[in-house]
Every structure is written in C-alpha cells, then in structure tokens.
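These notes are about the structure you will find just below.
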Amino acid sequence: MDKKVLKNLSYGVYVVTSSYNKKNAGCTLNSVMQITSNPITIAISINHDNNTNKIISYSNLFAISILKETSDPKIIGEFGFKTSKDTNKFKNVEYKLIENIPIILDSCGYIICKVIDKLETNSHTIFIGEVIKADGFTSDKPMTYKYYQEKLKGLTSKNAPTYQKEEQINEKSNNKKRRWKCKICGYVYEADELPKDFICPICGQPHTEFYEVTN
Ligand SMILES: Cc1cc2nc3c(=O)[nH]c(=O)nc-3n(C[C@H](O)[C@H](O)[C@H](O)COP(=O)(O)O)c2cc1C
C-alpha cells in the first residue's frame, strides 16, 4: 500500500473546544467534515487519549473554531502538542464563551454542535454533532492543512488520525544548510546557526529544545 497517496486528501485546521463543570478543554484538529445538510451535521475524530474527548463525552457539546491563514501559529502548537489535562491552554489566547464553550477569536468563526451520535474505533471516537449555532468573524482565508504543512512547516501530532510515522522523518534537504528540529512539534529550522534567542514558531519552545538533524 502506498500510504503517500493519503496525503492528497484535503483538510482544514481547527481548534475544537468543549467545557464541563467549568473545565475548559480543546485541541487542534484537522479531521472535521460536514456530513449532512438537513439537519446540518458534522463529524470529528478525536483520539481516546485526548482530554478534549473526555470533556466532549461529558458535555455532549463541542465548538469548532475555524483557523485562518493569519491565525497565530502558536495556537496550533499550544492546542496540538500539549494536553489540557495539565495545561491551561486558554491562558495566552483570546477567547469568548458562547454557550459556555470557549471560542478562539483569532479565527474565521465558529460552529457549535450538540452530539447526536458517536462511533468508537480502536484509537479514535467519531463524534457526530448537529449544528446549533454558527457565526463568522471575518472573510479572511481559512487555513488549509496544506498551508499549515507547506507554508508554516508544521507537522502532525501522533494523535491525529492522519499521522504517518515517516512524515516525521524530514525529507533530505538539497541545500548545504544545517538543520535543527524541535523536540516537541518537529518543526525544522534551516540555517548556518541556530540563534540563541530562537523560539519555535509553532509551539513556542526555546532553542534549547532543538536538536541538530544530521542525516
Ligand atoms: C495539525 C494537527 C492536527 C491534529 N488533528 C487531530 C485530529 O484530527 N484528531 C485528534 O484526535 N488529534 C489531532 N491532533 C492532536 C491533538 O491536537 C493533540 O493530541 C492534543 O495534544 C490533544 O490535547 P488534549 O489532551 O488537551 O485534548 C492534531 C494535532 C495537530 C498539530
């Protein structure tokens, strides 16, 4: 099987949030898809290990904040490579509570769903939600997964359904520059030197969390 073909499937980049007993949770997701139009329903796929999965199961509500190309990439890193089990991911991000769920304001807009069904797989729960509220903040371009990968040089987290191990092995670079890789999110920085004040543009780690790639 040529798994590379799967990379031709298109996605967007979203932050899915939920809240239960005043505990907010949220994670970066690419697996969001409208599945019917009457009523409007949406399916999302969330790993069993994600805290957001647990909170959605309790609250039966989730919100999708649709990231735009100009959204701060650190939102993707904060929500995609850390867990809300032990981190307050909302500390440094502007949000507004709608239906008691935090909505990321640096986005195109949001869709709120009530869970009407779910399907368990080995690794992920597929929640099916009926849309109960939706609104747009701006007509800026939504971020596609391709944009995240090619322009922001972002990688997939191992809990994403689209994760492929070999993706994390970076293709060999043709130029002679040295390369450093972020231990947390896999972002690769190419240059002659790694500056001491370098901060990972995706997940905000300092230069000490980078190691040199020698292959
Ligand atoms: C670009 C990107 C896309 C992702 N897509 C998904 C996804 O569709 N489903 C999923 O379960 N995890 C996905 N993840 C991984 C979760 O965001 C990650 O496991 C997160 O740390 C879970 O946080 P939580 O424990 O607070 O819920 C993705 C991560 C990134 C960076």
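Just one of the listed residues (52, 36) is part of a strand (DSSP E or B) and of a type in the set (S, T, N, Q), and it is 36. Within the option set 68, 74, being modelled with pLDDT under 95, assigned by TED's automatic domain parsing to the domain that holds residue 124 and not hydrophobic (A, V, I, L, M, F, W, C) holds for one residue only, 74.
Within segment 84-112, work out how many residues are closer than 18 Å to residue 51 by Cα and not aliphatic (A, V, I, L, M). Here the count works out to 10. Contact annotation: residue pairs with Cβ atoms under 6 Å, 6 or more positions apart or on different chains, pairing a residue in segment 1-25 that is over 29 Å from residue 103 (Cα atoms) with a partner that is surrounded by 10 or more Cβ atoms within 10 Å (Cβ to Cβ) and not hydrophobic (A, V, I, L, M, F, W, C), are 3/164.
With respect to residue 23, is the statement that it is buried (at least 17 other Cβ atoms within 10 Å of the Cβ) and either more than 8 Å from the ligand (Cβ to nearest atom) or more than 18 Å from residue 107 (Cβ to Cβ) (or both) true? Criteria not met by residue 23.
Here residue 70 passes the criteria (1) more than 7 Å from the ligand (Cβ to nearest atom); (2) not in a loop (DSSP other than H, G, I, E, B) except the one numbered (2). The set of residues from segment 140-166 being free of Cβ contacts under 8 Å to residues at least 12 places away in the same chain and closer than 20 Å to residue 65 by Cα comprises just one member, 149. Looking only at segment 61-70, residues that are under 13 Å from the mean Cα position of the chain (by Cα) and buried (at least 24 other Cβ atoms within 10 Å of the Cβ) come to 3 in all.
The values are calculated or read from the model by the stated rules, or taken from the named source; none is laboratory data. The structure displayed is predicted, hence computed values, not measured ones. Note that each Cβ is placed from the backbone with ideal geometry, even for glycine, and that neighbours are counted across all protein chains shown.
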